[in-house]
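Peer 1: Take a look at the following structure, please.
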Amino acid sequence: MLSLLSSILLCVLALWLLLGVLQAGIYRWLQPTLQSIDPSQASTMLLGWLALAPCAALLASYVLYSPDLAQWLVAGHCHSSECHMHGPQSTLAVLPAALLTSWTLYTLVRCLRRQWLPARRLCDHLARIGDDSGGYITLASAQPTAFTLGWLKPKIFISAGMQAACSEQDIDCILHHEAAHRQRRDNLRLLVGRMLTAPLPRRLAQRALDDLKLSCEKACDLRAAAQLSRESVAAALIRVARLQQQAAPVASLAFVGNRTEQRIHALLDEPLAPLASEKVFVAMSVALLVILALINPLHRAIELLP
């Protein structure tokens, strides 16, 4: 029983890491496509892309260790006198499975400690000391800043310094932008993306995570522009970028980040169309076929272990 559980864990976690590394290697060819489609769709597809490795690992392992399903994908073979369909097992899987499980749990807990807990505590603290104006909370700070903080029930914070330094139109742009973050729950979206890539070396997934955050910002800019105008949102971005120097709190989404120029181009250039549903279906089908094609060689590879 221990060798079976260890083999299953080893299969899931090793596949997660291997597929994650493979994803990082091929993302450079996928990136131009994601940057050329509607940002709202791109943010959803990027989150799906980050979820592909762990989900594929779980799916492949489930099929691999389900005899009724594996019989369609694993070539028939015998072990001594036993020829029935079975999931691959190895007595040597215990130690590597324990190491990979410990590493995965450590990285997930570390991600939660660095993101979830500080943001939740800070959000509760700022909500208590701030002045709730209904749609947002005003902070008694002279430093111009505006951001959305929180996970399940995010809140919008704007400092008194920001309100004093900006025009009423600029504040409207900020509020519409941050309201879009709150409605889309982009903070939670980014947290999920970080957790899906937590066991991987940070530099491997950083490009995709940065693009996910940029897509969320662009999507919220466009939602604000739909209520006001593209020109007014772009002008507000430029003015706030000149004012806002202090970094936003950890795990928050500020109105102005470090890729303002790209956001302005997205507002003023021609609108990007979403990717055709037929292409999305083809991509998902190819990914599923690749996962199923791995079942037989993966079964044999695990059995090569004593």
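Peer 1: What are the residues in the range 232-246 that are in a helix (DSSP H, G or I) and either touching a Lys or Arg at 6+ places or on another chain (Cβ under 7 Å) or farther than 20 Å from D38 by Cβ (or both), if any?
Peer 2: Correct list: S232, A235, A236, L237, I238, R239, V240, A241, R242, L243.
Peer 1: Can A165 be described as more than 28 Å from A53 (Cβ to Cβ), buried (at least 16 other Cβ atoms within 10 Å of the Cβ) and in contact with a Cys (Cβ under 6 Å, 6 or more places away or on another chain)?
Peer 2: Against the criterion (more than 28 Å from A53 (Cβ to Cβ), buried (at least 16 other Cβ atoms within 10 Å of the Cβ) and in contact with a Cys (Cβ under 6 Å, 6 or more places away or on another chain)), A165 does not qualify.
Peer 1: With respect to D170, determine if the residue is charged (D, E, K, R), crowded, with 19+ Cβ neighbours inside 10 Å and either more than 26 Å from the chain's Cα centre (by Cα) or on the phi > 0 side of the Ramachandran plot (or both).
Peer 2: In short, yes.
Peer 1: Something else about it: Given the options Y65, Y106, name the one that is at pLDDT 85 or above and aromatic (F, W, Y).
Peer 2: Working: Y65 fails: at pLDDT 85 or above.
Answer to the check: Y106.
Peer 1: As an exercise: evaluate P199 against (1) surrounded by fewer than 23 Cβ atoms within 10 Å (Cβ to Cβ); (2) modelled with pLDDT of 90 or more; (3) out of contact with any Pro (no Cβ under 6 Å at 6 or more places or on another chain); (4) outside any loop (DSSP other than H, G, I, E, B) and give the number of the one condition it does not meet.
Peer 2: Just one mismatch for P199, condition (4).
Peer 1: With the structure loaded, tell me whether L122 is at pLDDT below 90, surrounded by 14 or more Cβ atoms within 10 Å (Cβ to Cβ) and outside any loop (DSSP other than H, G, I, E, B) or whether it fails that test.
Peer 2: It is true that L122 is at pLDDT below 90, surrounded by 14 or more Cβ atoms within 10 Å (Cβ to Cβ) and outside any loop (DSSP other than H, G, I, E, B).
Peer 1: For the range 131-159, which positions are surrounded by fewer than 19 Cβ atoms within 10 Å (Cβ to Cβ) and more than 26 Å from the chain's Cα centre (by Cα)?
Peer 2: D131, D132, S133, G134, G135, T138, A140, S141, A142, Q143
Peer 1: Pairs only if they're at least six apart or on different chains, beta carbon under 7 angstrom, first in the range 109-130 and without any contact (Cβ under 8 Å) to a residue 60 or more places away in the chain, second aromatic (F, W, Y) and surrounded by 13 or more Cβ atoms within 10 Å (Cβ to Cβ); list them, first residue then second.
Peer 2: R120/W151; L126/F157; G130/F157
Peer 1: Another question, then. Before we move on, is L204 assigned to a helix (DSSP H, G or I), at pLDDT 85 or above and over 30 Å from S6 (Cβ atoms)?
Peer 2: Spelling it out, it is not the case that L204 is assigned to a helix (DSSP H, G or I), at pLDDT 85 or above and over 30 Å from S6 (Cβ atoms).
Peer 1: Could you grab me the full set of residues in the range 164-189 that are within 18 Å of P249 (Cβ to Cβ) and either in contact (Cβ under 8 Å) with a residue 60 or more places away in the chain or touching a Ser or Thr at 6+ places or on another chain (Cβ under 8 Å) (or both)? Break it down into steps so the answer makes sense when it comes.
Peer 2: Looking only at the range 164-189, we keep the residues that are within 18 Å of P249 (Cβ to Cβ), and these are 174, 177-178, 181-182, 185-189.
Result: I174, H177, E178, H181, R182, D186, N187, R189.
Peer 1: Checking the structure you have, find out if any residue of the range 136-143 is part of a helix (DSSP H, G or I), of a type in the set (G, A, S) and in contact with a strand residue (DSSP E or B) (Cβ under 8 Å, 6 or more places away or on another chain).
Peer 2: At the first step, the residues of the range 136-143 found to be part of a helix (DSSP H, G or I) are none.
There is no residue in the range 136-143 that is part of a helix (DSSP H, G or I), of a type in the set (G, A, S) and in contact with a strand residue (DSSP E or B) (Cβ under 8 Å, 6 or more places away or on another chain).
Peer 1: Does A235 satisfy being of a type outside the set (D, E), crowded, with 18+ Cβ neighbours inside 10 Å and either in contact with a helix residue (DSSP H, G or I) (Cβ under 9 Å, 6 or more places away or on another chain) or at pLDDT 95 or above (or both)?
Peer 2: Against the criterion (of a type outside the set (D, E), crowded, with 18+ Cβ neighbours inside 10 Å and either in contact with a helix residue (DSSP H, G or I) (Cβ under 9 Å, 6 or more places away or on another chain) or at pLDDT 95 or above (or both)), A235 does not qualify.
Peer 1: Also, quick follow-up: Looking only at residues that are part of a helix (DSSP H, G or I) and of a type in the set (S, T, N, Q) in the range 31-63, which one is nearest to W16 (Cα to Cα)?
Peer 2: S61
Peer 1: Take D170 and tell me if it is in contact with a Lys or Arg (Cβ under 7 Å, 6 or more places away or on another chain), part of a helix (DSSP H, G or I) and modelled with pLDDT of 90 or more.
Peer 2: yes
The values are calculated or read from the model by the stated rules, or taken from the named source; none is laboratory data. Just so it is clear, the model here is predicted, and its values are computed rather than measured. With ideal geometry, Cβ positions are generated from the backbone for all residues, glycine too; neighbour counts draw on all protein chains shown.
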